[in-house]
Structures are given as structure tokens and as C-alpha cells.
Amino acid sequence: MARKELKVEELVEVLYQWHRGRNISQIKQSLGLDRKTIRKYIEQAEGHGFIRDDEPRDYRYYLELASRIQAGLKTPVESTAAYKTTSLYQSVIERLLSKQHMTSKQVFRILKKDHEYTPSYSSFKRYMHIQYPKAPRNCLRIEVGIAEEAQVDFGSAGLMYDSEAGRMRRAHAFVMTLSYCRLPYVEFVFDQGQATWVQCHIHAYEFFGGVPGRIILDNLKSGILRPNTYDPVFNRAYAECAKHYGFLIDPAKIRQAAHKGKVERKMPVVRQQFLSSYDFSNIKEANEKVKTWCLNDYGMQVHGTTKQKPFEVFTQQEKSRLKALPSERLDMPLWKEAKVHPDHHIVFGKNYYSLPTRYVGKRVWVRGGMQALQIFFDGELVKTHPRSYAEGAWVTDEGDYPPEKSRYLLKTSAYYQQEALKHGEHVRQVVARIMTDHAYRNLRKVQALFRLADKYGSDALNRTCRRSIFYEDYRMSTIKRILHRGLYSQPLIDEVTTAVITSAANGPSFVREAEYFLHTEEETL
């Protein structure tokens, strides 16, 4: 029997010509098929009741007959030797599949390794498909309208040189793809924080010259604080960006990459077509070249789905339909949750900002803009300070302190120096160094210093402050240690040096005579 199997269309043509009275030689010459193959399929057709001299039939009759013939010629998988061999290991397969994290591929490996299993992996897969059938996957393809949607994501971009740090660092590719025209925007960054995430969105909108109506994104922390299908909690900085530029945030379902397939597909394309083909010395140069690649290289390729060039579709149809950019760029905010400490201050960006007494111990949200810092409690703006960029700066509104504390703040540094003078001149000098006008944090240190005079006496405190001034160490821990150990009675370095010099002037500095150190002859061994 001939080994060639005909396609349905070929078999339909053989049956049609045979039914119309043509012989095997004529069919062979017409279709280029082997005589044995033609004869085999005619015999199969006759076995299904096909009669040559029967009345003419339509195309559907020949198609159904061809399908029945092909189905009858196929050997059932269950009757193959590989299937029968695999069925002998069914109990082993069941036991292995019951283990956590076990996969079909791993079951095959174990059978090959421990049980001398001989069939191929393809045969094993056919067996598994019959024994453990899976429901066929189906999906609904959704095409969006012009300027309606863009999809965004981060992807790994390997190592790139950081000119500022002077070393290679792991980089990430931010990609935003307009869903209608498929034109991408790509930017390489070294982190995936909320500031970088929002900044990349701003750059993308300026690259496109407008804003799409909706952004589809993954549930990364930079955009979504708490993923939820129905009520996600957005990152505050990202939510503010959405309001400023007028787009909707539409998170994809958790672990459903297909919901943002247009941008998912762009990640390997960026690696394959740009990173593997373009040379650049650092991340800045890579970002300059990738913009050109987006427009002139990828943007001018015919897209496999739309069958059009993304850049041409963008310029001719989509660009004019995007939302216009706002008149001002977003004042890039940085949001942070903070606790109000007992000294009435929160910590933000290594600086300290005050709040009224009623908020002490509570948690507030802080928005740090370029110029101002705003503090919110339960969604209400309760305080605004000028933004400080100097580390360790205290930005304090004296009105935030309670009245019983404020009376101390109204007194000047001169007042506290006068009070310190009661304990000695050196105490006054120390207070002058640590005291800043109307600074609550320094007032506490001065008050603690005065309490030490009550405990150890003014003279001991004054002598201790003398040591602090000499060594330029005004820490309370140092002052307390000197007082506790009585070290204030010890001489200072200058005093010790003076005593040594005076002793040398009054007598010989060496115990032995000078002649002891003279050598007039060489020693012999």
C-alpha cells in the first residue's frame, strides 16, 4: 500500500474526477499522484458506499466522504506500542503527579532515569494528553480605538555602564506601547521606584506629543500599592500623575500577562533588535539611540498583526487624536508615610518638619514637591513647609508647639547664656555653641545641662565644660561621662606638656650620663 497520505482537498479532487468518469491514468496525469495512492483511496471510498455511476453530487458530499476516509485510515493512538508501554507505568505516573510542583516533563525524566522507559517524549505527551485532557484555551481578541489605550511595563535590559557611579549596573527597560498603532517608547533606567516610574511616563507622553486615554499596567509597587481586581489601591504619586495628565489607570489582572500582550511582546523585541545590534558606551547614549530606533527602525517595519508601519499609522491617524499635554509639566512628587515624633517633627528626605501637637504620635502622608512639602492627615492638608534639600535641616513653625513649651522658645539665646553664666564662664561658652535661637531641640539639651549642675555642682560642671571646649566635644554623653568618672579634675594635654617641659628645664632629662651614649670603638663579635 502506498505510504503517501493525501490532504483533504487532494482527496476531494480524486473522488470528483473518478466520479466524473476519468480513469486512474488520467487522474495521475492531472494531479501528479502515484497510481497506487489513487487506487487505495478509491477502494476506501467504495468501502464507504461510494458508487462511480451514481448521480452527480455537490462539493459538500465529496468533503464529508474525504473526511470519513481519512479518519478511517488513521491508526488510533491507543493501539500504538508506545501508548501500551506507557500505560504500564500509569500507577507510577499517578504517584509522581500527586507530588507538589511535579510537571509532566519531570515525570518523563524520572521514568527514563529510574524505570528504563523507552518511548520518546512525543509519544509520552500524546499519552498524557489522552489520559489528562485539558480544556482548550480560548480568548477574545480586543482591538482598541485610536488613542484609547497604551500598555506599559518594565523588563530586564542586562548590564549598562553608569557614568555617574563609574561602574556597570543592572538596567531595566521601561516600555510604553500605543495599542492602536503599536509604536513604542523605550527608556533604560537603573531602578523601578515610584519616582522613576512617573518620570518615564512623563518622558513617554512628551515623546508621543500627547496622552492616551487609558494605561494598562502590571501590578508593580511603583504603580499599584495593593492589587485587587475591583478596588486596587494606587500609588499616590502615580495617581497624581494620572490626574495631571488626564489618563485612567487600568491594572491588568494578577498574573495575567496576556492582558497586556502588546507591551509584553515588545520586551524580547527590544532585546533582539536593539540591544543585540546597537553599540553604546553608557546608558545615556543607549537612551539617545533607542528613541531613533523606535521611530526609524521598528516604527518603519510592517507590523505582523496590523500589516502597517507603526510610525506611519501614528503620524497619519493617532497623534492628532491623543489628549493634549498640560501647559505645565508635573511637579514630580515623592509620597511617603511618616510618623509624627514627640518633638513635633516628621522625618522626610533626611530633614525634619514640624506639625502641631494634636498630630504627635499619629501617622501622616507627606508629599514632597520640588518647592514645597505638604503634609496630609486623613486626606486633609494640615501643613505646608518650604522643601529643604540640606541634610539634617530642621524646618520648624514655632506655632506648632503648645503654649507651655512656647514660653521657653520666646527667650533668646542671650537669656540662656546669662543663666549659664551662674554656673561659670565655660558653661556659658558651651551653651552659646549648642544653642540656636528658638530651636526646641537645642533647648532640651541646655535644660539637661542645667540639671547636671544640680546633681554634680556648678564647679564640676564648669570644669567639665572647659574640657569639652578644649577637645571640641559637646555631646551630652561625653559631658555626663566626664562628670560621672570625675575626669574634670585631670589635667589637659597642654598642661601635661607644660609640666614635662618645666621638668626638663630644671634638671637632666636622662637617667644615665651623656658619655654612656658615646661609642668610640667598634664592637667585635
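Using a cut-off of 22 Å between Cα atoms, the listed pairs K339/K383; K266/K309; K125/K266; K336/K362; K243/K309 include K125/K266; K243/K309 as exceeding that distance. Here the spin labels are modelled as points 7 Å beyond Cα on the Cα-Cβ line, and at R68 and L421 they lie 12.2 nm apart. Rounded to the nearest 20, the Cβ-based charge dipole of the range 8-73 about its Cα centre (Lys and Arg +1, Asp and Glu -1) stands at 260 debye. Listing M160, M168 from fewest to most neighbouring C-beta atoms within 10 Å gives M168, M160. In terms of surrounding Cβ atoms within a 10 Å radius of their Cβ, V340, V186 rank from fewest to most as V340, V186. Couplings 3J(HN,Hα) of the range 348-362, computed from phi: 8, x, 6, 10, 10, 10, 8, 9, x, 4, 5, 9, 4, x, 9 Hz, in residue order, whole Hz [Karplus 6.51 cos²θ - 1.76 cosθ + 1.60, θ = phi - 60°; x for Gly and Pro]. Using R0 = 45 Å, the C-beta based FRET efficiency linking D58 and R169 works out to 0.05. Take the Cβ atoms of W365 and Q106, set R0 to 51 Å, and the FRET efficiency comes out at 0.60. Of the GluC sites (Glu not before Pro) in the range 327-394, the ones in a loop by DSSP (not H, G, I, E or B) with at most 10 other beta carbons within 10 Å are E328, E391. Based on the Kirkwood approach, the hydrodynamic radius assigned to the range 77-131 is 11.2 Å, with every pair of different Cα atoms included.
Given their separation in residues at 0.36 nm each and the Cα-Cα distance between them, D279 and L492 gain 70.2 nm when the chain is fully extended.
Once the Cα-Cα distance is subtracted from the 0.36 nm per residue extended length, the E46 to T306 segment shows a gain of 88.9 nm. Between K289 and E337, full extension at 0.36 nm per residue minus the direct alpha carbon distance yields a gain of 13.5 nm. Cβ-Cβ distance of K113 and S156, R₀ of 41 Å, FRET efficiency by 1/(1 + (r/R0)^6): the value works out to about 0.80. Ordering D400, D114 by the number of other Cβ atoms within 10 Å of each residue's own Cβ, fewest first, gives D114, D400. Summary value for the range 334-404: 33 percent relative contact order, contacts being C-alpha pairs under 8 angstrom separated by 6+ residues.
Less than 5 angstrom separates the built amide H of K323 from those of V211, all sequence-distant by 5 or more or on a different chain. Between amide H atoms placed 1.01 Å from N, distances below 5 Å from A171 occur with A157, G158, L159, M160, all of them 5 or more places distant or on a separate chain. Each residue of the range 155-170 was assigned a 3J(HN,Hα) from its phi angle through the Karplus expression (A = 6.51, B = -1.76, C = 1.60, θ = phi - 60°), giving x, 5, 10, x, 9, 9, 7, 9, 5, 5, 7, x, 7, 7, 9, 6 Hz with x at Gly and Pro. Label-to-label distance for A414 and A432 is 1.3 nm, based on points extended 7 Å past Cα in the beta-carbon direction.
Read-outs: derived from the displayed coordinates by stated rules, not from any lab. Quick caveat: nothing in here was measured; it's all calculated off a predicted structure. Positions of Cβ are backbone-derived with ideal geometry, glycine not excepted, and every protein chain shown enters the neighbour counts.
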